[in-house]
Amino acid sequence: MEDNVKFDDPDVSVKITPTISHRVIIKFRHNKKYLSDKITNTDPAYGKLNGIGVANTDVEAMVVQESQSEDNSESSILSAKIVNEFTSKSITLLKKHPVNLNRISNNKKPMSVILLRDAGNAVPSLQPINEKYGISTSCLVDMPVEIGIAKILAMEIFRSQKIDDYEQKGKEVAEILNSYNLVYVHIKGPDEYGHDGDALGKKSNIELIDENFFGVFLKCVTKQHIVVISGDHSTPCIRKSHTDDPIPLLVSGNGIKSDGSQRFTESWGNKGSIGTLKGSEVISIVLNMARTQ
């Protein structure tokens, strides 16, 4: 579709890169002018706070937003204009796209718009995670955001053979643990059901992860390992979007003293001995727990 998006300014071009599921990466380029990331999102479900994407929890109507300049500079105004032009022209193109016409003929919902969020024009420079914590780290990730975070933190990246094959993921993580102190695993499934508002589907997916991922993984590791389970955010089915609700954190394994918790739920998490903490504190706290046992 990118070849059919003709901008009013001939020096503007766009590159559309599909990733996983409905997600794409959109890159805009101007041959003569600098483009800025100081613009707002067109996705009504996400705003920006100090340059970081945050979920909007009070959205009454999911209507495509017009991108606005955040600092009124020439580059920001131009960037917002390009984004809005792309949005308008892509909506028109999508209405007549053969894939959508075929979906409509088969009583399926068409793809109506590409929602844009979290503009960026530079790669952050962060201290490598191995250097920060003095351990060797790796990750098993599939989604573009998690892959990007891993690259920025200089983590060794492994990709699963199948994104939803939880049994295979369990085996892969156990194998990776033979060579690293820490392995971060991102499992996407429940989030998708949360966005769809499918509570029963989400419940079933969590049960599959419990049985097939943890069922396999825990049989492959030794008692010397520590397992940490949490999430990067909540996606309640009733809201169909990310929220800032606290999420439970579980730490279990070698030398970790039990606080009597029986289940991995919000209510049990609220009673736990760790207390409420920021996501940025988790690794440090877990490492301290491990080293003091």
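The values are calculated or read from the model by the stated rules, or taken from the named source; none is laboratory data. In this text, all values refer to a predicted model and were calculated from it rather than measured experimentally. Every residue, glycine as well, gets a Cβ built from its backbone with ideal geometry; the counts of neighbours run over all protein chains shown.
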What single numbered condition from (1) under 24 Å from ALA45 (Cα atoms); (2) surrounded by 15 or more Cβ atoms within 10 Å (Cβ to Cβ); (3) modelled with pLDDT of 85 or more fails to hold for ARG239? (3)
Identify, please: which residue in the stretch 17-51 is of a type in the set (A, V, I, L, M) and in contact (Cβ under 8 Å) with a residue 40 or more places away in the chain and is, among those, surrounded by the most Cβ atoms within 10 Å (Cβ to Cβ)? ILE39
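Taking the conditions exactly as written (closer than 25 Å to PRO236 by Cβ and surrounded by fewer than 17 Cβ atoms within 10 Å (Cβ to Cβ)), does VAL63 satisfy them or not? Full working, then the answer.
Details: closer than 25 Å to PRO236 by Cβ: yes; surrounded by fewer than 17 Cβ atoms within 10 Å (Cβ to Cβ): yes.
It is true that VAL63 is closer than 25 Å to PRO236 by Cβ and surrounded by fewer than 17 Cβ atoms within 10 Å (Cβ to Cβ).
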Among the numbered criteria (1) within 26 Å of the chain's Cα centre (by Cα); (2) on the phi > 0 side of the Ramachandran plot, which one does ILE82 miss? (2)
It is to be established whether one or more residues within the stretch 105-116 are in contact (Cβ under 8 Å) with a residue 40 or more places away in the chain, surrounded by fewer than 17 Cβ atoms within 10 Å (Cβ to Cβ) and in the same structural domain as PRO190 (by TED's automatic domain parsing). no
Do we have any residue at all in the stretch 61-73 that's more than 27 Å from SER241 (Cα to Cα), out of contact with any strand residue (DSSP E or B) (no Cβ under 7 Å at 6 or more places or on another chain) and at pLDDT 90 or above? yes
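Just to be sure, is VAL83 in contact (Cβ under 8 Å) with a residue 40 or more places away in the chain, assigned by TED's automatic domain parsing to the domain that holds LYS27, under 30 Å from ASP245 (Cα atoms) and not hydroxyl-bearing (Ser, Thr, Tyr)? Step through it out loud before you land on a result.
Working: in contact (Cβ under 8 Å) with a residue 40 or more places away in the chain: yes; assigned by TED's automatic domain parsing to the domain that holds LYS27: yes; under 30 Å from ASP245 (Cα atoms): no; not hydroxyl-bearing (Ser, Thr, Tyr): yes.
No: the conditions fail for VAL83.
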Six or more apart or on different chains, Cβ atoms under 7 Å: show the pairs whose first residue is in the stretch 267-291 and farther than 16 Å from SER234 by Cα and whose second is of a type in the set (Phe, Trp, Tyr). ILE283/TYR133; LEU287/TYR133
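Only one residue in GLY231, GLY189, GLY197 is in the same structural domain as GLU146 (by TED's automatic domain parsing) and more than 21 Å from GLU167 (Cα to Cα), so which one is that? Before the answer, list the steps.
On the way: GLY231 fails: more than 21 Å from GLU167 (Cα to Cα); GLY189 fails: more than 21 Å from GLU167 (Cα to Cα).
Unique residue meeting the criteria: GLY197.
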Against the conditions (1) within 25 Å of the chain's Cα centre (by Cα); (2) at positive phi, where does ASN72 fall short? Just the number, please. (1)
Among LYS271, LYS203, LYS257, the single one that is over 24 Å from ILE157 (Cβ atoms), modelled with pLDDT of 90 or more and basic (Lys, Arg) is LYS203
Can you find a residue in the stretch 33-47 that is over 17 Å from ASP118 (Cβ atoms), outside any strand (DSSP E or B) and modelled with pLDDT of 85 or more? yes
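Please verify whether ASN100 is surrounded by 14 or more Cβ atoms within 10 Å (Cβ to Cβ), free of Cβ contacts under 8 Å to residues at least 40 places away in the same chain and part of a helix (DSSP H, G or I), treating the condition exactly as stated. Show your work before the answer.
Details: surrounded by 14 or more Cβ atoms within 10 Å (Cβ to Cβ): yes; free of Cβ contacts under 8 Å to residues at least 40 places away in the same chain: yes; part of a helix (DSSP H, G or I): yes.
In short, yes.
Please tell me if SER67 is of a type in the set (Gly, Ala, Ser) and either in contact with a helix residue (DSSP H, G or I) (Cβ under 7 Å, 6 or more places away or on another chain) or part of a strand (DSSP E or B) (or both). Before you say what the answer is, go through the steps one by one.
On the way: of a type in the set (Gly, Ala, Ser): yes; either in contact with a helix residue (DSSP H, G or I) (Cβ under 7 Å, 6 or more places away or on another chain) or part of a strand (DSSP E or B) (or both): yes.
Yes, satisfied.
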Positions within the stretch 164-198 being under 14 Å from the mean Cα position of the chain (by Cα) and assigned to a loop (DSSP other than H, G, I, E, B), in sequence order: HIS186, ILE187, LYS188
All conditions in (1) surrounded by fewer than 17 Cβ atoms within 10 Å (Cβ to Cβ); (2) at pLDDT below 90 are true of SER230 except (2)
